[in-house]
Amino acid sequence: MTTTETNINLSDEMLPEKMALDVLGENEAKSKKEQVKLALEVEPSKPWRELTGEEKAWRVFWICAKTFALLALLYIFVCSLDLLSTALQLLGGRATGDIFSNPLLENPMVGLMIGILVTVAVQSSSTSTSIVVSLVAAGYFEDVRTVIPIIMGANIGTSITNTLVAVTRINNRAEFSLAFAGATVHDMFNWLTVIVLLTVEVTTGYLFYLTEALVQNLEFPEGAEDIKLLKVITEPLTKAIMEIDKEVLNGWAANDPDYDNRTLLKVWCEPTVKCPSLFALLDIGDLATGAIMTVVSLLLLCGCLILLVKLLQNVLQGPMVVVLQKTINANIPYVPWLTGYLAILVGACITFVLQSSSVFTSALTPLVGLGVISVNRMYPLCLGSNIGTTTTAVIAALTASGEKLRITMQVAMVHLFFNLTGILIFYPIPFMRWPLPLCKKLGKTTGQYRWFAFAYLLLSFLIIPAIVLLLSLADPNGYVLLGVAVPVLVLLAAIIVINILQNKFPNSLPKVLQTWNWLPLWMRDLAPIDRVLSKICSCCMKETTQEELEEIARAVDSQGDNFGSEDPSDLGIDNKAADLI
C-alpha cells in the first residue's frame, strides 16, 4: 500500500463490496486488509497546487457538472414521487373516498387495514391523514376514536415507498441486502408500534384521552394557510403536467352529492378557462391520465435512482467516502448516546422542510445500500422523519372552522403522539431497538433470495391487510377475525419463543424442540422454494454462490450488533485487526 493509503483510516462500514468481516483470526484480518486496498484503488489525483491552469479549470468544471447533475436528479426524483402520488390518486378515483365513508370503520381492525391500503394506493400518509382531518372537520366522524386506527394504518402504508426504492438495487446482492435492511427498519418500527399501541388503545383509550386532555383548554388561531417549503420549487413542474382538486377528493369521502359528477383531475381553473397543465388541455379523464402518469413517474423514479447511485458511486470513492462515513456515522464526542437523538431531530427538521417522509427516507435508502449511511444511523433518522411528517396533519387541522378546530387538532395530536410513544418504547433503551435485528434479518434473507423482497411487499402491504379486511367485513362483530387471528398469533409467538430458547438455552427444551430438523425442509428453509422459482424463471434467477453469501453476511453483519449499539467495539473488530487498516 502507498503512503497515502496507509494514512487513511477506513470505517468498518465501507462500501458493501468491501465490508469488513467480523475479525476472529489471521485469515479474516488478511481479508480485511485486502478489502482496504481495493477500496482505495482509484486513480490518484494531484494536489491542487501541482495542477496547471488548464487542469484546475477542468477539475472545477467536473465538480460543478457533477454537483449540478446530482441536484437535477434529486429534483426530478422528488417531482416523480409527487407525480406518482397524484397519478395513483387519479387511478383510485372515487373508490379512495368511498373507502373512508364505510360505516364499518368503527371496527378498529377495519380502520387499520383501510389506513394501510389507502396510503399504499395514494403513496402518501400526508394525503390520507389530511383526508381524515377534513372528514372530521366536516362532521362526518363524530368520535375521534374511530379515526385513530386509520392514522396508525397510514403510518404503515407510507413506508412502502422507500422499500420499493430499495428494490432498484436488486442487481447487486450486497447493496440490495443493505438497502433493503435500511428501508425496512422504518417498516419494522411502524408495525411493532401499531401492534403495541393498537392493543393499548383498544383496551385503555390511551391516545384518545391523552390528546383530549391536551386540546381541552387550548385556543387555536383559525384559518391557517398551507405551508409550502420544498413544494414552492417542485410545484411549477408538477402542476405544469397535472393537478388534482383535493376538494373533490374530500367531497367524495364525505358523500357530498355536489361532487358526484366532478373529476378529480383539475381541468377548469375558471368556468371558461382551462388550467395551464398538460393533461388539463388533453382532458382524457382521470383513469387514462392516472394510468399514463403512473407508468411515466415509475420510469422517472427508477431512472433517477439508477443514475443517482451511479453518480454517487463515482463521487463517493476512496478517501471521499471515508470522510462522509466518519461525518454521518460518527458519534458526538464524550456523549455518544446523544448522537441518535440529534439524528432524530435532523430527520424531523428535514422532513418538515420536504413535507414528505417518503421523499426523505427514499433518498436515504440508496446511500444505505452504498454503505455511506449505516442501518443503525438510518433508524433514528427514520424516527425523526415520522415526527416531521405529522406537521402536515397539524396544518390541515388548523384550516378547520372554529367549532371543529379542537377535534381536528386532536386528530393531528393523535398522529404526533402515536409516533412519539413508539419512539419512547423502541429507542431509548438499546435492548428495545427490536426493529434493527428484524430489518437486518430481512436484509440477509432478501440478499440471498431476491424474490423474497416482492413476497414481503405483497404480504405486508396488500395480502395480509386485504385478508384481515375481508375477515372483518364477513363479521362486523369480529368473531371470525378472532377465530383466525388468535391461533395464528399464538403459533407465531410460540415459534419466536422456541427460537430464542434454541439460541440461548437449548437444554431447557425437550430434545425434539432443540432444532427444527424434524420438520420438512420447505417448512424451515426457503431454499426449496428458491429452487422451484429458479426452474420456473431460469432466465432471470440464478443460484446464490458461496462468495455472494459471504458478501451479504459481511455487508449486514458489519452494521453492528442486533440491538443497535453504536460502539465500534461491538462490531466484532478487535484492536489488533484495527491496526491493519
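The order of the peptides 297-306, 436-445, 501-510 by mean Cβ neighbours within 10 Å, most packed first, is 436-445, 297-306, 501-510. Here r is the Cβ-Cβ distance between GLU54 and CYS349 and R0 is 30 Å; the resulting FRET efficiency, rounded to 0.05, is 0.10. Potential lengthening of the chain between LYS535 and GLN216 amounts to 108.6 nm, from the contour at 0.36 nm per residue minus the alpha-carbon distance. FRET efficiency for the ILE496 to LEU424 pair, using the beta carbon distance and R₀ = 22 Å, is estimated at 0.45. Each residue was assigned an accessible area with a 1.4 Å probe, and for GLU106 the value is about 150 Å². For a modelled paramagnetic label at ILE464, 7 Å from Cα along Cα-to-Cβ, the residues of segment 141-182 in reach, with backbone nitrogen under 18 Å, are 149-164, 180-182. Sorted largest first by accessible area at a 1.4 angstrom probe radius, with every protein chain in place, the residues MET109, MET523, MET409 fall in the order MET523, MET109, MET409. Rolling a 1.4 angstrom probe over segment 260-309 with all protein chains present gives an accessible area of which 71% lies on carbon and sulfur atoms. Taking all protein chains into account, the per residue accessible area for segment 435-524 stands at 63 Å² (1.4 Å probe). In the assembled protein chains, LEU71 presents an accessible area of approximately 110 Å² (probe radius 1.4 Å). A straight chain from LEU473 to PHE454 at 0.36 nm per residue would run longer than the Cα-Cα distance by 4.2 nm. Within the assembled protein chains, the solvent-accessible surface assigned to ARG524 is about 100 Å², based on a 1.4 Å probe.
The values are calculated or read from the model by the stated rules, or taken from the named source; none is laboratory data. Predicted model, so just to flag it, every value in this text is computed and none were measured. Glycine also receives a Cβ, built like all others from the backbone with ideal geometry; neighbour counts cover every protein chain displayed. Heavy atoms of the whole protein, side chains included, go into the accessibility calculation; ligands, DNA and RNA do not. Shrake-Rupley method; radii C 1.70, N 1.55, O 1.52, S 1.80 Å.
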